[in-house]
Amino acid sequence: MSRKKRKSIWKSTFYRVYFALVALALAAIAVGTVWLRGVLKDYESAQPKYVAEGVGKLFENADYEAIYNVDTSAAQFEGDAALYLDNLKELAAGKRVEWTPAFSANKDERKYNVNLDGERFATFTLVPSGQTTERGNTLWKLGSVTTLVELHQATPTPEPEATPEPEPAVKYTCRITVPAGYSVTVDGETLSADNAATEEKALFEADFLPPGVKNPVLVEYRYDAASETPQVAVSDETGAPMAVAAVEGKELTWSCPMKSDEVYSAQYGSAAIALAKQVAKFMNKDARKKAIERVCAKNSPAESIFDNLSNAYATPHSGISFKDEAVSEFYVMADDCFTCRVSFDTVLRTEKGDAVYPTAYTFCVIKEGDAGKLWNIKVY
């Protein structure tokens, strides 16, 4: 009886349909798995990190000839590739090379910094190539490479003369940058356009300040001093002495910043630090965008920057804190506009321990009634 019953199962329409549906379901799962793997593989192949790794390898492997061919700042060498290579080799000799992703306000661009022993000396960008993968994912290509290689040419050795003449006095070129209107003295001699080369440049980048707000002007003096240790002094428009400091890493170069308004610093310093922390939290996925949008001026560049701000490189963490907060460079641009710089260390609590990231922003703030609204921001 049992054998006949088993045979009757295969004659049953219900069981034949049931087993057919099971077979179809298993086939659909197999096909879906293959399709999903293809989608994931296609998406992964379009990631910009693979193109960035190829560019980064040029610097890691010291492929200077390839870098020269794509460096947009190499024009100063006037096509002299050998001179460029010599300068770049001298700059990078014995230093550790590393490259890291960097912030870009352009959502259609990926930016990377290249560092020598932790100091940035080059940037490169990736842009869409105009091509896509089989499944429509955007492919990337190298956009630009810009290095900080400066032109240094070896001084030719003069041919010896039959009758040696006294060597001329050695002169040392000084560079001193001060706000327009400040007075500069080197070794007791006041500099002017008559005895020093001058070059004017704006304090902030174009469009950083609101329309109608005057951009302060800085003046760079270039002056030949008689010694390697000239005495440099600076005074403001009233004749009061101002602090002047040597620029790190640049020989015979000094800078004197504008006077910071301590009244504004005391009045708005705490609010500026609080805003900077909100920005840092947002960039590390610890704050909603609404918290920042409330303090942005309507139709301001800051709104656009935060719309395009990428936090794709935020380090995974379980907590965030800050230390060593500082506010400086409070400059009053107009009755209803001021700028300031905020810096601190962002501390992220990760699985491997605390990760510390130096953080700094420059804010441009305008007044709307009794409230201050963020007009623009520069991220360092």
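Just so it is clear, none of the values below were taken in a lab; they were calculated from the coordinates. Computed from a prediction, not measured in an experiment: that's the story for all the values here. Reconstructed Cβ throughout: ideal geometry from the backbone, glycine too, with neighbour counts over all protein chains shown.
Over all distinct Cα-Cα pairs of region 257-380, the Kirkwood formula returns a hydrodynamic radius of 15.1 Å. Bridges between two residues of the chain, per DSSP, are antiparallel at a rate of about 95%.
Residues Thr100, Thr359, Thr146, ranked from the fewest to the most other C-beta atoms within 10 Å, line up as Thr100, Thr146, Thr359.
Between the helical axis of 81-92 and the longest alpha-carbon principal axis of the chain there is an angle of about 90 degrees.
Here is the P(r) of region 326-380: all C-alpha pair distances, binned every 10 Å from 0, give 23, 38, 22, 13, 4 in whole percents.
Using all pairs of distinct alpha-carbon atoms, the Kirkwood hydrodynamic radius of the chain works out to 26.5 angstrom.
Angle between the Cα long axis of helix 2-11 and the longest principal axis of the chain, 0 to 90 degrees, nearest 10? With rounding to tens, the tilt is 60 degrees. To the nearest ten degrees, helix 48-60 and the longest principal axis of the Cα atoms of the chain are 40 degrees apart. Ordering Val55, Leu83, Tyr172 by the projection of their Cα atoms onto the charge dipole of the chain, which places +1 on the Cβ of Lys and Arg and -1 on the Cβ of Asp and Glu, puts Val55 at the extreme positive end. Taking the fewest neighbouring Cβ atoms within 10 Å as the starting point, the ordered list for Thr125, Thr238, Thr315 is Thr238, Thr315, Thr125. Scaling against 2.2 N^0.38 Å puts the C-alpha radius of gyration of region 221-285 at 1.71. May I ask what percent, to the nearest 5, of DSSP beta bridges between residues of region 294-359 are antiparallel? In region 294-359, DSSP labels about 100 percent of beta bridges as antiparallel. A dipole drawn for the chain from +1 and -1 charges on Cβ atoms has a positive end, and of Pro216, Phe330, Tyr380 the residue lying farthest that way is Tyr380.
Treating each Cα of region 191-349 as one equal point scatterer and applying the Debye formula with no solvent, the log10 of I(q)/I(0) at q = 0.19 Å⁻¹ comes out as -1.31. Residue pairs exceeding 21 angstrom between C-alpha atoms, taken from Lys107/Lys214; Lys352/Lys378; Lys201/Lys378; Lys49/Lys290; Lys111/Lys378; Lys49/Lys107: Lys107/Lys214; Lys352/Lys378; Lys49/Lys290. Which of the three applies to region 93-235, rounded, prolate or oblate, going by the alpha-carbon gyration tensor with a ≥ b ≥ c and a/c under 1.5 meaning rounded? Oblate, because a/c is 1.5 or more while a/b does not exceed b/c.
Once the chain from Asp224 to Thr198 is taken as fully extended at 0.36 nm per residue, the excess over their C-alpha distance is 8.1 nm.
Only Lys, Arg, Asp and Glu carry charge here, each on its Cβ (+1 for the first two, -1 for the last two); on that basis the chain has a dipole of about 5280 debye about its Cα centre. When the charge dipole of region 279-350 is built from unit charges on Cβ atoms (+1 for Lys and Arg, -1 for Asp and Glu) and taken about the Cα centre, the candidate among Cys340, Asn308, Ile320 whose Cα reaches farthest toward its positive end is Ile320. Pairs of Cα atoms in region 172-255 fall into 5 Å distance bins, from 0 up to the last occupied one, in shares of 3, 14, 24, 24, 16, 10, 6, 2, 1 percent. Using only the C-alpha atoms, the convex hull of region 46-147 corresponds to 105 Å³ per residue. Each Cα pair under 8 Å and six or more residues apart adds its separation to the average, and for the chain the resulting relative contact order is 11 percent.
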